[in-house]
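The values are calculated or read from the model by the stated rules, or taken from the named source; none is laboratory data. Predicted model, so just to flag it, every value in this text is computed and none were measured. Note: ideal-geometry Cβ built from the backbone for every residue, glycine included; neighbour counts use all protein chains shown.
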Protein chains: 2
Amino acid sequence: MARPARPDLAAMMVPLGRSLIAAELPILQSHDLKMWAYIVLLELREEPTRTQAALAQAIGADKTRIIGVLDELAERGLIRRTPDPQDRRARLLAITPAGKRLRDAVQRDIQANEERLLARLAPADRRGFLRGLQFLAELPPEEIAG
Amino acid sequence: MARPARPDLAAMMVPLGRSLIAAELPILQSHDLKMWAYIVLLELREEPTRTQAALAQAIGADKTRIIGVLDELAERGLIRRTPDPQDRRARLLAITPAGKRLRDAVQRDIQANEERLLARLAPADRRGFLRGLQFLAELPPEEIAG
DNA sequence: TATTGTTATACTCTATAACTATA
DNA sequence: TATAGTTATAGAGTATAACAATA
């Protein structure tokens with residue numbers, strides 16, 4: 001068989017993803033935020049989440065893994081975690097104004113660095129890259145497995 | 001701050017990469033190949049590698065991590081691992097014809113599934129996506145960190 | 001009895017340190 | 001003494017199992 005026209009997608013995507021994470025870490029650190037904490041703040045963007053288990057599932061984490069993260073975020077006043085009066089087993093999770101400000105500041109820095117990279121692509125490639133990536137990233141995993 | 005126009009690149013790339021790996025696993029399994037073994041076979045595509053440490057570095061692994069992988073590949077006759085006559089501390093690594101056949105068969109299956117996904121993109125997006133991804137994946141990590 | 005959140009435990013992956021053999 | 005490879009050990013991250021509170 002001749003050499004394939006391109007490497008496997010995962011072979012390109014995984015190391016690149018790792019490098020992008022490495023680029024995020026110093027930014028997160030400068031805001032004293034762990035990666036999982038940032039992911040939680042992003043997920044709480046839209047509306048309050050009803051249970052911790054739902055939040056964990058939404059971000060692809062185990063429910064036991066985010067407990068410490070939520071502890072620290074709540075302690076710093078970046079989220080509110082209140083028992084649901086309707087069902088006092090559950091905790092209502094919501095981001096606070098301070099949490100929003102921090103989240104947005106971090107994301108601005110992260111995307112500023114990413115824009116620096118994307119600027120090196122030809123405009124048509126940049127557009128296609130982002131459109132393709134967004135489309136594929138929104139596919140459910142089982143559709144990717146085939 | 002308004003909602004950003006797009007998610008962070010890593011936030012799209014990392015889960016997508018995970019899904020793509022999940023899609024590879026059953027294919028690898030059907031050929032009785034571990035992920036690291038496949039990565040090694042891919043890296044030995046071009047020319048023999050002079051040392052195990054160099055191979056490990058090339059694929060982003062620790063040198064202690066690939067020893068068992070090389071053991072099994074050699075035992076199955078998919079690679080040759082011979083002491084360098086010039087420096088008998090080092091091991092010359094090369095893929096065998098059987099290794100090439102297996103590697104190519106696996107890659108065919110993997111890329112066939114990927115083509116199924118890429119086919120869902122508009123032609124211009126598909127082209128831009130692949131060109132952008134290939135360009136960014138070839139950047140050295142320190143250039144991505146900025 | 002079932003579910004939410006929590007704590008305690010075990011497992012997997014990976015890196016670090018110590019060892020053998022060659023140089 | 002320095003290096004390639006190997007083996008043994010330790011660490012980080014993650015998942016599994018058991019538990020307390022509430023329904």
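Just a few scattered comments:
- Residue in the stretch A:61-69 that is in a helix (DSSP H, G or I), over 21 Å from B:Pro15 (Cα atoms), within 16 Å of DNA strand C (Cβ to nearest atom) and free of Cβ contacts under 8 Å to residues at least 40 places away in the same chain present: yes
- Screening the candidates A:Leu78, A:Leu41 for the property of being more than 12 Å from DNA strand C (Cβ to nearest atom), hydrophobic (A, V, I, L, M, F, W, C) and over 24 Å from A:Pro141 (Cβ atoms) yields one hit, A:Leu78.
- The condition (being in contact with a Leu (Cβ under 8 Å, 6 or more places away or on another chain), surrounded by 13 or more Cβ atoms within 10 Å (Cβ to Cβ) and either more than 14 Å from chain A (Cβ to nearest Cβ) or of a type outside the set (Lys, Arg) (or both)) is satisfied by just one residue among B:Ala98, B:Ala90, B:Ala74, B:Ala94: B:Ala94.
- Residue count for the stretch B:70-103 satisfying the condition of being touching a helix residue (DSSP H, G or I) at 6+ places or on another chain (Cβ under 6 Å) and in a helix (DSSP H, G or I): 3.
- Residue list for the stretch B:1-12, filter: facing chain A (nearest Cβ under 8 Å) and not charged (D, E, K, R): B:Met1, B:Pro4, B:Pro7, B:Leu9, B:Ala10, B:Ala11, B:Met12
- A:Ala137 vs. criteria within 16 Å of DNA strand D (Cβ to nearest atom), within 13 Å of another protein chain (Cβ to nearest Cβ) and under 22 Å from B:Pro4 (Cβ atoms): no
- Tally, over the stretch A:39-60, of residues that are farther than 12 Å from A:Ile95 by Cβ, part of a helix (DSSP H, G or I) and within 14 Å of chain B (Cβ to nearest Cβ): 3
- Selected residue (criterion: nearest to A:Gln52 (Cα to Cα)) from residues of the stretch A:84-103 that are out of contact with any strand residue (DSSP E or B) (no Cβ under 6 Å at 6 or more places or on another chain) and within 16 Å of DNA strand D (Cβ to nearest atom): A:Ala90
- Scanning the stretch B:13-37 for residues that are of a type in the set (Val, Ile, Thr) and either facing chain A (nearest Cβ under 7 Å) or without any contact (Cβ under 8 Å) to a residue 12 or more places away in the chain (or both) yields B:Val14, B:Ile21.
- Top-ranked residue of the stretch A:101-117 - restricted to ones that are surrounded by 14 or more Cβ atoms within 10 Å (Cβ to Cβ) and facing chain B (nearest Cβ under 7 Å), ranked as farthest from A:Leu16 (Cα to Cα): A:Asp104
- Residues satisfying the stated conditions in the stretch B:44-71, i.e. at pLDDT 95 or above, surrounded by 17 or more Cβ atoms within 10 Å (Cβ to Cβ) and of a type outside the set (A, V, I, L, M): B:Gln52
- Test: B:Arg120 is within 11 Å of chain A (Cβ to nearest Cβ), part of a helix (DSSP H, G or I) and surrounded by 12 or more Cβ atoms within 10 Å (Cβ to Cβ): no
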